[in-house]
Amino acid sequence: MKSLLKRFLVENWQRKLVALIVAVTVWIVVDHSIKTTKTFPNVQVRVMNLSENYTIKGMQPNGLLSKTISLTLSGKRNVIKNLSSDQLEVVLNAENQTSEKWPVQITRNNITSTNSDVDLTKALSNVESKPFNILPVLTQTAKIPVFISYPSGDPPFGYEYAGTYPKKTFATVRGTETQLKHLKETGLSVSFDLTKITKKELDEIESKKSKQKELISFAIPRSWKKIRLPFAPYSEIEIDDPDANDLTMSFLRAQLLPLGQSVQVVLFFGNVDHTQINPTNIQLQLNEFVIKKNGLYFLNTPLFAANVSNRFIEVCRNNLCILVYLENDEKNQVALHWTIGFVNRPDLEKKFLKKIMLEELDNHNIVEASQKRLFKYQFYNYMRYIQLFTASQKSLVLDLKLENNEVVIQHKK
């Protein structure tokens, strides 16, 4: 058996080798010459060289259209059989195209493959597709308002977020007339991520600031000043307004500041049914938590403030109160709520601005408008985000109820 196999392989091996080479060559030539036809659905279309003054509905910044097409390709079988729709792309040259209808004729010169080893211009003999038109639309630019939303995430350990300024800026947006009209009405919004700021960065800023300045100001990096457009969600544009250069996030050292005095409690009657409630008969119940001095009611516990500065407490502590308000709910039942109130806000604002300008600025008689707006923003941000805590460092939570014409206030522990 072995000698028979050896004789088969060795005898006349030259002629056998030549026959094998000829057979392989013929197979390759025949395989490459066989034609086939195959349909490829959902092939992406990319438009190149479109003037910046025009756009196409659904076109991304990289030129890809949201619309796909179906192609029927004829050509060499060894190439076509190995292709798939996601390996193909129709590339259209939009040079000199205007807002008139653009009837697209797709030839093999428009077909490319993501596989750089495949030359479709030689492999394809025919391309068929349904006729379609592309309509370039004239674009224009406009200044669109950008609103700074409350940031996401938490600030670094040991710090409290105190606000972002300015709250509104602008971005130059290019789009169609319809797109820009909608954006002018709604505006855009951007939110920054607090977790991108490190404790080390804030520690370094704090070490360099003057002792008179209570806020730690973190300048928003340029790389953050970008925004996505609703009609182009795959790209970002820069917030290029000059005011955006001043975008700053402010922080305070996380600490509880003592108010140093009792906080007054005031009753307020909102939208109430006077057949149910007679304000002249309603009063606060005295207990271990609520006391009365000189005809006024006070919480009988030391309180501390968070999310505000010492300067704010110095100015506002005498005008801070707990406002308990009564109103009828949707079921016409009496509902009680409470909030932190400030009496005579305009006067408090003037006092705060005077104090901060006197203490932080070298010459408080010369104050830029932008600086004054920043100080005002700080003041109202403190009013908005102030929180009260008890001596046990627990958030102040009040339990309110109405019993026999008395408002009972208890502290939820």
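Every number here is computed from the coordinates shown, using simple stated rules; none is lab data. Since we're looking at a predicted model, the values are computed, not measured. A quick note on method: Cβ atoms are made from the backbone with ideal geometry, for glycine too, and the neighbour counts reach across all protein chains shown.
What the table below lists for this structure:
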| quantity | calculated |
| --- | --- |
| Amide hydrogen neighbours beyond the local backbone of A162, cut-off 5 Å, H modeled | S250, F251, L252 |
| Inter-centroid distance (Cα atoms) of segment 188-247 relative to segment 311-361, Å | 29 |
| Residues S152, S250 arranged by fewest to most Cβ contacts within 10 Å | S152, S250 |
| Environment charge of Q285, counting only residues whose C-beta is closer than 15 Å and scoring Lys/Arg +1, Asp/Glu -1 | -2 |
| At 1.567 mPa s and 4 °C, Stokes D of segment 282-413 from Kirkwood alpha-carbon radius, µm² per second | 76 |
| Label point distance in nm, N318-N133, each placed 7 Å from Cα along Cα→Cβ | 7.7 |
| Distance histogram in 10 Å bins (all Cα pairs of segment 149-242, percent per bin) | 13, 40, 28, 14, 5, 0 |
| Whole-number D in µm²/s for the chain (Stokes-Einstein; Kirkwood sum over Cα pairs; 25 °C, 0.890 mPa s) | 84 |
| Loop-resident sites, segment 82-145, for trypsin sites (Lys or Arg not before Pro), counting at most 14 other Cβ within 10 Å (DSSP) | K101 |
| Flagged links, alpha-carbon separation over 29 Å, of K209/K376; K354/K394; K101/K225; K355/K412 | K354/K394; K101/K225; K355/K412 |
| Where a label projected 7 Å from the Cα of K167 along Cα→Cβ would reach, residues of segment 367-395 with amide N under 12 Å | 374, 376-385 |
| Computed over segment 257-411: relative contact order in percent, which uses C-alpha pairs under 8 Å that are six or more apart | 29 |
| Under the span-like rule (Cα at least 27 Å along the axis, Kyte-Doolittle mean at least 0.5), DSSP H helices of the chain | 13-33 |
| Violating pairs (Cα-Cα greater than 22 angstrom) within the set K199/K350; K38/K76; K38/K122 | K199/K350 |
| Normalised contact order of segment 78-139, rounded percent, pairs of Cα under 8 Å and 6 or more residues apart | 42 |
| Relative contact order of the chain, defined on C-alpha pairs under 8 angstrom at six or more residues apart (%) | 11 |
| Debye intensity ratio I(q)/I(0), log10, segment 69-142, q values 0.17, 0.20 Å⁻¹ (C-alpha model) | -0.70, -0.87 |
| About the Cα centre, charge dipole magnitude for segment 297-388 (Lys/Arg +1, Asp/Glu -1 at Cβ), debye | 180 |
| Theoretical FRET efficiency, 1/(1+(r/R0)^6), r = Cβ-Cβ of Q60 and A369, R0 35 Å, to 0.05 | 0.30 |
| Environment charge at T114 (Cβ cut-off 9 Å; Lys +1, Arg +1, Asp -1, Glu -1) | -2 |
